[in-house]
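Participant: Got a structure for you, written out below as structure tokens; questions coming shortly.
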Amino acid sequence: MSAFAAPSVARAAATPAAASCSSRRRVVDGSRQVVAVAAAPRRRRHRTAPIAAAAEEGEGLGAAAAAAPPTKPTTATSPRRAVLGGVAAGSVASLLWGVGGPKGLAYPPIVFAAEEEAASASSVAAVAVVESEGAILITGANSGVGFSAAKQLAAQGKRVVLACRTEAKALAAAAAIRETVPDAQLVVLPGAALEMADLRATADYVKAFQDSGIPLDVLVLNAGIMAVPLGRTAQDHELHFGVNHLAHFLMQDALVPQLRGCKERTGKRGRLVACSSVANTLGDLALDLTDLDWRRRGYNEWVAYCASKAANVLLTDEVARRNPLVASNSFHPGIVTTNLVRYILPDLSAENRDPEAEKDTNNGKMLARMGIRNADEGAKTHVWLSTAEEAGGVSGGFFIDPGVQYPGATREELLAGGDWFLLTGREPLASQLRLPDVLFDWRSEANASWLWTTSMEMIEPFRA
């Protein structure tokens, strides 16, 4: 794959909007730490229904998924986005007051009458947001490795924003996490749904988060789909490219400025963490920067998936080059039997397995020898890159296990992580064939810059 030259892109540093919002009538869930503000049903603009896309959130795509016609984007802030942002800010103030403010300050819990459950979107009043420890926002946090990462981070005492396709899924995930981590600090933005097959809906969610006033320490780009039939997003992008890369590109474009500010606020760099895959080693064959949406080529679901995983790495590499105040890295979670594999290995999907029960069985031992992980094992690199002190000192890396970058891993490190199938470069003829480095020839600064420029053009109508 040849490298492409691309013009430089001047990135606008979007400043998060000040948190202002309302409510004479709000509802806080009894735990005080998952916050939901109920809103009265409101009329929505007519638009094409988003395609269900995030398989990592337990949502499948039917083989006959119809291609959604492109919608005409608009740069004007919609009333829907304004309401989402306003309601979210009110909920965050309730969260902080219920959980407690900065050291030395105590805030009484807010109690609201049950009959006030349906809050009016028009009855929004300004509230102060207490500045405190920043949050870790995880996309696709309600199932698979995203859910496991959220659970493990919550167990460490981190404040975690559960960004899911629907508010109901996020609340259900929060309830499930609290079964094992009763005091988990979890945030669900009320009325805000992260539908990544629609850039307008993704932009709405980002706006709601910005308006919430929550400081952001870590952004984890986790949600994704794998090997699904050909389909199109609401803006007519191919699904793997649109969901796995472009929606996440839009999110980081809006939120990296907050990550840059983390250094001044905490003394430590903010972090961007993207879930890729060693499937990206086929990037030279899969990634065609002149046909990202599969208009010209014959479609292959595996090639499309591999291309999107290469795009994840190019994104974090470019963020690392452009933003020295952000530790930006990508990683391979391992071969993980979440619901992401439902189309190719249905018997190994999470819903059809009980990892604890099979651990001591012949089948379980065989899967372990093959390097197949459950979701909790697959989330360990999410957690390490999000929290480990040494991880904060690295940027522009691709990790296959905590502290292990690839290429560069030893045979011992590969075997310990279950990645026995990967090459170290010390095999016979490896040096002559430039293995495994040749598998990453697509990972060039020129390609990353080209993809950045093209992606920026595609998201421009949806930027704040």
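Participant: Name the residues whose placed amide hydrogens come within less than 5 Å of the amide hydrogen of R373, ignoring near sequence neighbours (fewer than 5 apart) on the same chain.
Facilitator: Under 5 Å from the amide H of R373: I335, V336, T337.
Participant: For segment 136-259, what is the percent of antiparallel DSSP beta bridges, rounded to the nearest 5?
Facilitator: Among the beta bridges of segment 136-259, antiparallel pairing accounts for roughly 10 percent.
Participant: Also, quick follow-up: Looking at the P(r) of segment 223-296, how many percent of alpha-carbon pairs lie beyond 19 Å?
Facilitator: Working: 1315 of 2701 pairs.
Within segment 223-296, distances greater than 19 Å cover 49 percent of Cα pairs.
Participant: Okay, moving on. Can you send over the solvent-accessible area of D183, 1.4 Å probe, protein chains only, in Å² to the nearest 10?
Facilitator: Number for this one is 110 Å².
Participant: Okay, next question. Going by average Cβ neighbours within 10 Å, how do the peptides 211-219, 282-290, 432-440, 267-275 rank, with the highest at the top?
Facilitator: 211-219, 267-275, 282-290, 432-440
Participant: In the full protein assembly as shown, how much of E390 is accessible to a 1.4 Å probe, in Å² to the nearest 10?
Facilitator: Accessible area, nearest 10 Å²: 110 Å².
Participant: Spelling out what I want: for every residue of segment 307-319, take phi, set θ = phi - 60°, compute 6.51 cos²θ - 1.76 cosθ + 1.60 (Karplus), and round to whole Hz; glycine and proline get x.
Facilitator: 4, 5, 6, 5, 4, 4, 5, 4, 5, 5, 4, 6, 4
Participant: Scan around T166 for amide H atoms under 5 Å from its own, H built in the peptide plane at 1.01 Å from N, and keep only partners 5 or more places away or cross-chain.
Facilitator: Result for T166 returns L194.
Participant: Run the 1.4 Å probe and let me know the accessible area of D291, rounded to the nearest 10 Å².
Facilitator: It works out to around 10 Å².
Participant: Separate question: So, R0 is 41 Å and r is the distance between the beta-carbons of E427 and R296; what FRET efficiency does that work out to, to 0.05?
Facilitator: Once rounded, the FRET efficiency stands at 0.65.
Participant: Largest first, what is the accessible-area ranking of E264, E301, E318, E445 with a 1.4 Å probe?
Facilitator: Result of the area sort, largest leading: E264, E445, E301, E318.
Participant: Another one. At 7 Å along Cα-to-Cβ for each site, give me the label-to-label distance between D288 and L325 in nm.
Facilitator: According to this spin-label approximation, the distance is 4.1 nm.
Participant: What nm value, rounded to one decimal, do you get for the distance between D437 and W420 when each label is placed 7 Å out toward the C-beta?
Facilitator: Output for this residue pair reads 2.9 nm.
Participant: For E389, put the label point 7 Å out on the Cα→Cβ axis and report which residues of segment 238-273 keep their amide N under 16 Å from it.
Facilitator: Within reach of a label on E389: 267-269.
The values are calculated or read from the model by the stated rules, or taken from the named source; none is laboratory data. Every value quoted in this text rests on a predicted model; they were computed, and no experiment measured them. Note that we place each Cβ from the backbone using ideal geometry, even for glycine, and neighbour counts take in every protein chain shown. Heavy atoms of the whole protein, side chains included, go into the accessibility calculation; ligands, DNA and RNA do not. Shrake-Rupley method; radii C 1.70, N 1.55, O 1.52, S 1.80 Å.
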